[in-house]
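First comes the structure, then the notes that go with it.
The values are calculated or read from the model by the stated rules, or taken from the named source; none is laboratory data. No experiment lies behind these values; they were computed from the predicted model shown. Glycine gets a Cβ as well: all are built from the backbone with ideal geometry, and neighbour counts include every protein chain shown. With ligands, DNA and RNA removed, areas are computed over all heavy atoms of the protein, side chains included. Shrake-Rupley method; radii C 1.70, N 1.55, O 1.52, S 1.80 Å.
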Amino acid sequence: MSNYNEPFEALNEKARNISRALTSLKEEIEAIDWYNQRVEVSQDPELKAIMAHNRDEEIEHACMALEWLRRNMDGWDSELRTYLFTSVPVTQVEESGEEENASSLKIGKAE
């Protein structure tokens, strides 16, 4: 089964790579959820620690995919800079209006 909604041949390499990154991100997020559920219910401390380690590795992979998307797909950079690392409720970031207002709400924003 294909991940493409449009004919593969009609997509340029950039669009294909973006699709690959988005698919990988979805898979990483799903794996994080699975490991996290297993950590929550495991009664064996050693197994719990192993699965927590695996979950955290998947979080790292998801972050790497997000960073690639931020660098390579329009829209990601602006949205991530608006919403990440803020100290107010997420819905208030958007309600604050312009990105300059959202930037003033950030803690430790890296440029």
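Provide 25, 84 ordered by accessible surface of protein heavy atoms (probe 1.4 Å), highest first. Mind showing how you got there, number by number?
Details: 25 25, 84 80 Å².
Ranking 25, 84 by accessible area, largest first, yields 84, 25.
Per the 1.4 Å probe, what fraction of the accessible area of the chain, in percent, lies on carbon and sulfur atoms? Walk me through the intermediate numbers first.
Working: 4390 of 8230 Å².
In the chain, the share of accessible area belonging to carbon and sulfur is 53 percent.
Could you work out how far apart the two model spin labels at residue 57 and residue 12 are, taking each label as a point 7 Å from the Cα in the direction of the beta carbon, and quote it in nm?
3.7
Please give the calculated 222 nm ellipticity per residue for the chain, where each DSSP H segment of at least 4 residues contributes -39500 (n - 2.57) and the sum is spread over every residue; nearest 500 deg cm²/dmol?
-23000 deg cm²/dmol
State in Å² the accessible area per residue of the chain; use a 1.4 Å probe, count heavy atoms of protein chains only, and round to the nearest integer.
74
Could you state the principal axis extents of the C-alpha atoms in the chain, from the largest down, to the nearest angstrom?
So the three principal-axis extents are 49, 44, 23 Å.
Which is farthest toward the positive dipole end of region 7-98 among 52, 72, 31, measuring Cα position about the Cα centre, with Cβ charges +1 (Lys, Arg) and -1 (Asp, Glu)?
72
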